[in-house]
1. Return the lysines within reach of A:LYS4: Cα separation strictly under 23 angstrom, same-chain partners fewer than 8 residues apart disregarded; answer none if there are no such residues.
2. Using the beta-carbon distance between A:ASN64 and A:ASP307 and R0 = 22 Å, what value does 1/(1 + (r/R0)^6) give for FRET efficiency, to the nearest 0.05?
3. Taking the Cβ of each residue in A:MET216, A:MET37, A:MET242 as the centre, tally the other Cβ atoms inside 10 Å and list the residues starting with the fewest.
4. In whole angstrom, note down how far apart the Cα centers of region B:170-189 and region B:47-101 are.
5. Using 24 Å as the Cα-Cα cut-off, could you pick out the over-long pairs in B:LYS185/B:LYS220; A:LYS18/B:LYS185; A:LYS185/A:LYS220; B:LYS18/B:LYS265; A:LYS220/B:LYS18; A:LYS220/B:LYS265?
6. Determine, from the Cβ-Cβ distance of A:GLU55 and A:SER193 and an R0 of 25 Å, the FRET efficiency 1/(1 + (r/R0)^6), rounded to the nearest 0.05.
7. Mind running the shape call on region B:173-315? Use the C-alpha gyration tensor, a ≥ b ≥ c as the square roots of the eigenvalues: rounded below 1.5 for a/c, prolate if a/b tops b/c, oblate otherwise.
8. Springs between alpha-carbon atoms under 10 Å, Gaussian network over chain B: tell me which of B:GLU166, B:GLU76, B:GLU60 tops the mean-square fluctuations.
Protein chains: 2
Amino acid sequence: MLDKRATAIASPNIAFIKYWGNRDPALRLPANASLSMTLANLQTETAVQFDNLLESDQIEINGNPASVQAASRVTEHLDLIRTLSGLPSFANVCSLSNFPAGAGIASSASAFAALTAAASSAAGLDLDMKQLSILARRGSGSAARSIFGGFVQLFSGETDEDGYAEQLAPAEHWHLVDLIAVVTKEHKSTGSSAGHLLAPTSPIQAVRVQDADRRMAICKNAILQKDFQTLAQIVEQDSNLMHSVMMTSDPPLHYLEPESISIMKHVTRWREDGLAVCYTIDAGPNVHCICSFEDSHEVERQLRSIDGLLDIYRCSPGNGVALNTNN
Amino acid sequence: MLDKRATAIASPNIAFIKYWGNRDPALRLPANASLSMTLANLQTETAVQFDNLLESDQIEINGNPASVQAASRVTEHLDLIRTLSGLPSFANVCSLSNFPAGAGIASSASAFAALTAAASSAAGLDLDMKQLSILARRGSGSAARSIFGGFVQLFSGETDEDGYAEQLAPAEHWHLVDLIAVVTKEHKSTGSSAGHLLAPTSPIQAVRVQDADRRMAICKNAILQKDFQTLAQIVEQDSNLMHSVMMTSDPPLHYLEPESISIMKHVTRWREDGLAVCYTIDAGPNVHCICSFEDSHEVERQLRSIDGLLDIYRCSPGNGVALNTNN
């Protein structure tokens, strides 16, 4: 048998049509379908080594031992892989991201996509992309999308086997750019997993979910036809709908900071002035400014003139998970 | 016949359960019932004199000739009163408010409540409070509430005759204070009348309306029982629901400014720290901080420490419209 070790690299993604709330929290089957762009340049690299001498999983994230919460989520995911593979050993897990976690950049998406690919390979499982996507979803819903590159749709799924992502178009189909305006690098006070559980307490979540197929259809068409104006309107409406659910749940979640609102208003004005740019915001205050490659330098120049931005990340459409077993 | 002249004073109100969208735009029959507190200290004083020598209505607002839009809205309202009274004359209207218009303080509520009372009296109509409320609603939906003092509910109404307000409790029932944190005195770019027309384009307006009876019941009980914590939660949820509809309508309306979000977050924190305070925001960026009289001075002190506030108005529960025919 080969060495029970593998390394995988995965990127986060930015959802154009967002996933919020689960129809089945235990299986992380999302309440509605979603659609995202995988982000180049940002990445999580995760090494997994199963070792029958270990007495528990050893989990290091960004150079430090994982918190109890993070460690137990990783161990639960490894348990799934141990069950599937029949391998009983505990594992050493070492994960390194080149961007901040828990701030509205899908760090759990890249983390669980990389963990799924590395751990399943290290455990001797030979999974295809669809199976990897299903398994990644169990760790983090949006991780199912980060298995693939380019433009990716995640089905809501009636059962575990239906809840997978697939590529809608490859990265080279359309050179959009996500300029992520970073207004805080602090970890959000309510994580996405806890937030998903609150979604049904909002009086408008059911309608947001019912309306999702309409938004998916418009967004898919806009991407396939490279129709930026249509994309911009549906992406902003979808983002606003998710934040509407968040701020009307019980208790309410307010991920938007004053700086987020300021950037949203600037983006709207820039688009009125002719720039191909729109905003979308995940479960955190950072604002993803989606723009055409052609206009992305002007948008970046304008963003730099706004007070209070800590950083700007520039991401083109990126690749799916990459596995390296030779290390 | 008496001199065809009368003056009336009315105050704006702050809605705890908000009215957004009309079931009948021509009659301004609201899509859902609403509940408000009339605000002392802020007021509009309007003098109306019918004069058969005039060749058109002469309308002055805050010392200047009214804009074309404002003048035509006043003239339409005077036309209703001319029809009801049979008086054909044009009128001189002179209106003066002691607070800024169109910035999320219900200036049209006080303006149309005062105009309705003054003009109907000047025209010789002898209307009771319910009739005044119905007529005021035709000018501005929330004006129907400003006819009354204290805590006031406005029924949604199936027909013109059903669309009136009534007092739920008098001003002295509960000494709440509305500290209005003024972040801008500029007139909003989309007025409430235009905004109401956009409400049905939001995918969540129907649900907001369906859920309104639940919110009304909770809010009415909280007021009658002086239960601040329950009031706070339902008032904030209702405000967030309205802004959710606004920001998901087509085109979206973003009344919240960065400063609004900042104050909302402060208010939430202050309440967690034990102060009896909650926020609510109308169609404009200014934040109404509703608090107990006992905690209102500490809330005001805290508000003054926030950067970017232009002003703070302090309003106790106020009286309904007052008519003066002896001038």
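1. Excluding near neighbours in sequence, the set is A:LYS130.
2. Once rounded, the FRET efficiency stands at 0.10.
3. A:MET216, A:MET242, A:MET37
4. Region B:170-189 and region B:47-101 have Cα centres spaced 27 Å from each other.
5. Check vs 24 Å cut-off fails for B:LYS185/B:LYS220; A:LYS18/B:LYS185; A:LYS185/A:LYS220; A:LYS220/B:LYS18; A:LYS220/B:LYS265.
6. For R0 = 25 Å, the calculated efficiency reads 0.35.
7. Oblate, because a/c is 1.5 or more while a/b does not exceed b/c.
8. B:GLU76
Each value in this text was obtained by applying a stated rule to the coordinates, not by laboratory testing. From a predicted model like this one, the values you see are computed outputs, not experimental measurements. Note that each Cβ is placed from the backbone with ideal geometry, even for glycine, and that neighbours are counted across all protein chains shown.
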